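Report on the following structure.
The values are calculated or read from the model by the stated rules, or taken from the named source; none is laboratory data. Given the structure is predicted, the values throughout are model-derived calculations rather than measurements. So basically every Cβ, Gly included, is an ideal-geometry build from the backbone, and we count neighbours across all protein chains shown. Ligands, DNA and RNA are stripped out before the accessible areas are found, and what is left, the full protein with its side chains, is counted by its heavy atoms. Shrake-Rupley method; radii C 1.70, N 1.55, O 1.52, S 1.80 Å.
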Amino acid sequence: MNELEERLRAAFDARAQTFEARPDAWARMRERRPWWRLWRLLAVRTLVAALPVALLAVLVPVVLGGGRGGDVAAGADAVHERLMRDRTAAGEEVTVDNPTEDRPLRLWFATAKAGYRELCFVVERAGLDPYGGCSPITDEVITEGWFAGSTLRDGAETAMDWGVALPGVGGVTGVAADGEKFSGTVLRPEGAPYRLWTVTYPARHAMAKIELVDDQGRALGEESRERLTEQQLGAAAGAPLDLPAGVTARPYRPGEGTEVAWTRRGAHLMSAPVKALERNMVIPAMAENVIMGIARADVAKVTYTFPDGASNDFVTQPDPWGLGVALFAGENPAGSWREGSEVVAFDAGGAVLWRQADREDAVSDAIPATGAVMTLPGGLRTWFSGTSTICLSGDASPEGGVKCQGGARYAGPHPLKAITYLPAPGSSTHVGVADESWESVRAVLSDGRRLDAAFQRGKGTPARIWHVTIPNGDAVLVGFTVRTENGRVDRYPETNPSCGRKAVGTETGRQSLPAGMTAVVAEPSCLAFFEQGKPSPSLPGPLPGEKLSDLLTAERPVRWSYGATAWYGYGPAGTARVELRTSNGLTVTMDAVPDQSDQGVTLFAAPIPKGAEFSAGMSITGYDAAGGKLWQDGPRTPATPRSTPS
């Protein structure tokens with residue numbers, strides 16, 4: 001087993017043994033960077049399995065020698081034309097003033113060749129060539145608006161952050177780290193699937209988040225700027241360095257050692273530890289259409305050659321920070337990584353110092369199949385790796401490629417998903433491991449339809465799989481049901497990230513709870529909570545034609561979540577008091593009240609105690625009016641994961 005395979009297997013094992021303290025933890029991660037997507041960088045066979053690569057910042061850089069002054073606009077037009085060669089505009093383009101560069105910033109939505117939506121931009125810069133890109137918009141948006149870019153740079157007096165908002169967003173306010181607020185602008189491009197927003201602010205104020213309201217001024221929530229910068233990089237160890245393709249490199253000291261971080265339009269792309277060069281001549285990486293990396297100081301040029309013959313030479317430049325490394329960045333002519341590519345490093349005299357060829361079977365080498373590889377409708381492929389990891393390939397979404405999930409043999413569907421967009425409207429296929437006792441798996445849609453999954457077993461595989469394909473459309477997936485051989489039906493609802501936003505306008509039917517909370521059953525199939533009038537993480541609601549009480553079982557007698565200041569949830573009817581014991585030993589007791597919407601449950605809420613930790617070892621207990629114990633959930637440990645989500 002090589003080092004890379006060991007890292008992947010360790011990641012799978014860690015995922016399988018992870019206690020998800022927050023019931024909506026996976027949903028709250030806006031597709032940001034799934035760990036199983038490390039396969040994209042397997043081809044270079046470096047330590048990138050340990051590098052935090054911002055794979056959703058999918059960029060299509062175009063670097064032109066467009067000149068300066070009056071030539072910049074012409075260069076920007078050429079960038080735009082290049083970007084749209086394989087794309088179709090989705091609505092009108094908007095142009096906003098870039099206060100940092102005193103030049104226009106062009107923004108528009110497009111449909112990629114594969115069928116998914118993207119946000120495209122062209123940035124014009126004072127004294128530098130323009131560049132542009134297109135960033136895919138994930139299908140699993142869980143927030144009303146998010147950051148997409150920033151003009152902030154060292155030496156700027158004024159900066160502008162910009163991003164995407166869902167159609168219901170009517171207003172945006174930027175909030176600086178010191179609490180000062182700056183009114184923003186929401187743009188409504190005609191014919192576009194989303195809205196755009198901008199916030200301009202003095203660069204001396206570190207922007208921390210945005211606050212969003214709907215068209216009637218009602219609070220929709222907030223979004224942190226950390227999703228743009230992606231991580232805490234530590235203390236800067238030098239000034240930023242501009243590289244080709246609009247990429248900026250800068251050293252940081254996150255702890256021990258030094259890392260070089262690459263950013264573009266204010267978004268973090270990747271980081272690489274300098275120490276890794278002790279074992280690697282070159283550490284290349286790719287954020288979709290940008291190739292970048294660090295190399296040992298004696299590397300003068302790095303060449304990428306792709307299977308179709310397309311190639312690009314990257315002339316390195318010494319780092320200006322005294323780290324003794326060489327840096328490179330630039331355009332990826334192939335548009336994405338392709339198996340069968342080759343990376344070669346040369347010295348100043350043209351001699352080959354290092355060569356790495358990526359074989360077409362590199363991914364299967366790193367994630368070998370146990371038993372047969374099974375083919376599914378639509379050309380998808382799925383296989384087991386070991387006894388508890390299942391993998392899926394063929395996803396056409398921007399997060400596509402190979403997805404793997406560890407711990408897949410625990411109870412519950414736990415599906416992987418692959419999306420196709422063409423022919424329109426496309427579909428999504430869900431694949432999971434089937435327990436031998438399961439007689440049927442059904443996907444439940446918001447319009448009440450139930451779609452039966454098919455079972456399949458490959459030769460030599462450790463278990464059966466199930467798979468079901470759902471057409472894209474107005475009806476969305478709200479959960480799964482599983483019927484076992486003894487006739488029991490288990491329900492596994494999906495967490496709906498749009499629940500709170502869609503329920504903002506639902507004033508009637510809201511039930512008041514302690515700690516400033518209110519709750520209401522909302523569509524599609526969720527229980528929305530509001531904290532001081534603002535949406536808080538929701539909980540799964542009743543499946544169509546059913547009640548909340550149908551989601552509670554002896555094994556999972558309570559469902560819960562928490563917001564900024566309050567902890568809340570629902571339990572079985574008859575519960576009068578709920579006691580929470582946190583993983584660090586704090587105890588909270590709260591009264592439970594019957595729900596007012598005939599859902600057959602009791603609701604509860606209480607302030608979060610200072611210092612409370614929600615992780616392995618916590619427990620929740622329900623008591624009746626006489627003080628008798630009715631039920632208990634937990635304590636649990638990382639080795640005994642929950643069988644159903646909260």
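So if R0 is 35 Å, what FRET efficiency would GLN317 and SER615 give, r being the distance between their Cβ atoms, rounded to the nearest 0.05?
Values: r = 45 Å, r/R0 = 1.30.
Computed FRET efficiency for GLN317 and SER615: 0.15.
Return the long-range amide H neighbours of THR506 (sequence gap of 5 or more, or a different chain), with a cut-off of under 5 Å between placed amide H atoms.
Hits under the 5 Å cutoff: none.
Quick check: residue separation of GLU523 and THR565 times 0.36 nm, minus the Cα distance between them. What number comes out in nm? Kindly include the intermediate steps, with their values, before the conclusion.
Details: separation 42, 0.36 × 42 = 15.12 nm, distance 2.51 nm.
Net length gain for the segment: 12.6 nm.
Using amide H atoms built in the peptide plane, which far-off residues or other-chain residues are under 5 Å from SER536 H to H?
Those qualifying (amide H under 5 Å, at least 5 residues apart or on another chain) are PHE529, PHE530, GLU531.
Search the structure for amide H atoms under 5 Å from the amide H of PHE109, placed 1.01 Å from N in the peptide plane, and list their residues when 5 or more places away or on another chain.
Here the answer is ALA90, CYS120, since their amide H atoms fall under 5 Å of that of PHE109.
What whole-number value in Å² describes the accessible area per residue of the range 424-482 for a 1.4 Å probe?
Working: 2450 Å² over 59 residues.
That works out to 42 Å² for each residue.
At a probe size of 1.4 Å, how large is the accessible area of ARG82, to the nearest 10 Å²?
80
Probe radius 1.4 Å, ligands and nucleic acids left out: which of LYS610, LYS275 has the largest accessible area, and how do the rest follow?
Values: LYS610 200, LYS275 145 Å².
Reading off the accessible areas and sorting them downward yields LYS610, LYS275.
Nearest 0.05, what FRET efficiency do ALA177 and THR484 give at R0 = 56 Å with Cβ-Cβ as r?
On the way: r = 52 Å, r/R0 = 0.93.
After rounding, the FRET efficiency stands at 0.60.
Please give the contour-minus-distance gain from GLU579 to VAL593: 0.36 nm per residue of separation, less the Cα-Cα distance, rounded to one decimal in nm. Can you show the working numbers first?
Values: separation 14, 0.36 × 14 = 5.04 nm, distance 1.39 nm.
In short, 3.7 nm is gained.
I'd like the accessible area for CYS134: 1.4 Å probe, protein heavy atoms, all chains in place, Å² to the nearest 10.
Taking all protein chains as shown, CYS134 has close to 0 Å².
Can you compute the modelled spin-label distance between ASP77 and ASP447, with each label point 7 Å from Cα toward Cβ, in nm?
Modelled inter-label distance: 4.7 nm.
Remind me, relative contact order of the range 240-284 in percent, using alpha carbon pairs under 8 angstrom and six or more residues apart?
25
So, taking all protein chains as they sit and a 1.4 Å probe, how much accessible area belongs to LYS181, in Å² rounded to tens?
About 120 Å², ignoring ligands and nucleic acids.
Set the bar at 25 Å for Cα to Cα. Now go through LYS417/LYS459; LYS403/LYS502; LYS181/LYS534 and name every pair that lies beyond it. Walk me through the numbers on the way to the answer.
Working: LYS417/LYS459 23 Å; LYS403/LYS502 30 Å; LYS181/LYS534 18 Å.
Pairs exceeding 25 Å: LYS403/LYS502.
Each residue of the range 86-94 in order: what ³J(HN,Hα) in whole Hz does its phi give by Karplus 6.51 cos²θ - 1.76 cosθ + 1.60, θ = phi - 60°, with x for Gly and Pro?
So the J values, rounded to whole Hz, are 10, 10, 10, 4, 10, x, 6, 8, 10.
Please list, in order, the residues from the range 577-618 whose amide nitrogen is less than 20 Å from a point placed 7 Å along the Cα→Cβ vector of LYS629.
Taking a point 7 Å out along Cα→Cβ of LYS629, the residues of the range 577-618 whose backbone N falls under 20 Å are 577-592, 616-618.
Show which lysines lie in cross-link reach of LYS301 when reach means a straight Cα distance below 27 angstrom and same-chain residues fewer than eight apart are skipped.
LYS275
Rank these by accessible area, largest first, 1.4 Å probe: VAL172, VAL274. If you can, show how the numbers build up before the last one.
Numbers: VAL172 10, VAL274 30 Å².
Sorted by accessible area, descending: VAL274, VAL172.
Given the Cα-Cα distance of VAL476 and ARG457 and 0.36 nm per residue of separation, how much length would full extension add, in nm?
Numbers: separation 19, 0.36 × 19 = 6.84 nm, distance 2.78 nm.
Extra length available between VAL476 and ARG457 comes to 4.1 nm.
Sum up the charges of everything whose Cβ sits under 9 Å from the Cβ of ARG483, counting Lys and Arg as +1 and Asp and Glu as -1, but leave ARG483 out. Working shown, then result.
Working: positive: ARG442, ARG488; negative: GLU439, GLU485, ASP490.
Surrounding charge for ARG483 is -1.
At 7 Å along the Cα-to-beta-carbon direction for both ASP242 and THR553, put a label point, then send me their distance in nm to one decimal.
Between ASP242 and THR553, the simple spin-label model gives 6.0 nm.
So if we plug the beta-carbon distance of ASP154 and GLU92 into 1/(1 + (r/R0)^6) with R0 = 25 Å, what FRET efficiency do we get, rounded to 0.05? Walk me through the intermediate numbers first.
Details: r = 34 Å, r/R0 = 1.35.
About 0.15, to the nearest 0.05.
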